[in-house]
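Participant: Have a look at this one before I ask anything.
Values in this text are rule-based calculations from the coordinates and carry no lab data. Here the structure is a predicted model, which is why all the values come from computation and not from measurement. Heads up, the Cβs are rebuilt from the backbone with ideal geometry, glycines too, and the neighbour counts pull from every protein chain shown.
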Amino acid sequence: MSVLTETDERHLRRAIALAAAARDAGDGPFGSLLVDAGGRVLAEEDRRQHPPKFLYNGL
């Protein structure tokens, strides 16, 4: 079983905040982060952004 690190928790909290922002804007409550193995955020999206920008940024 894996252990949730402080970095993991920070990223999860950010995804939740993105989802809340989308919900508050009247869209579905969805948010996501794309994070590399070192914990660096490469992209973040919420449901209001169609299609996700990182699909076109070569990530």
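Participant: For every other residue with a beta carbon closer than 9 angstrom to the beta carbon of GLY39, add +1 if it is Lys or Arg and -1 if Asp or Glu, then tell me the sum.
Facilitator: 0
Participant: What distance in nm separates the two pseudo spin-label positions at ALA25 and LEU42, each 7 Å out from Cα along the beta-carbon direction?
Facilitator: 2.3
Participant: What is the extension gain from THR5 to LEU33, computed as 0.36 nm multiplied by their sequence separation minus the C-alpha to C-alpha distance, in nm to one decimal?
Facilitator: Working it through step by step, the gained length comes to 8.5 nm.
Participant: Sticking with this structure for a sec: Mind listing the phi-derived Karplus ³J(HN,Hα) values for region 9-25, rounded to whole Hz, using 6.51, -1.76 and 1.60 with θ = phi - 60°, and x for any glycine or proline?
Facilitator: 5, 4, 5, 4, 5, 5, 4, 5, 5, 4, 5, 5, 5, 5, 4, 5, 8
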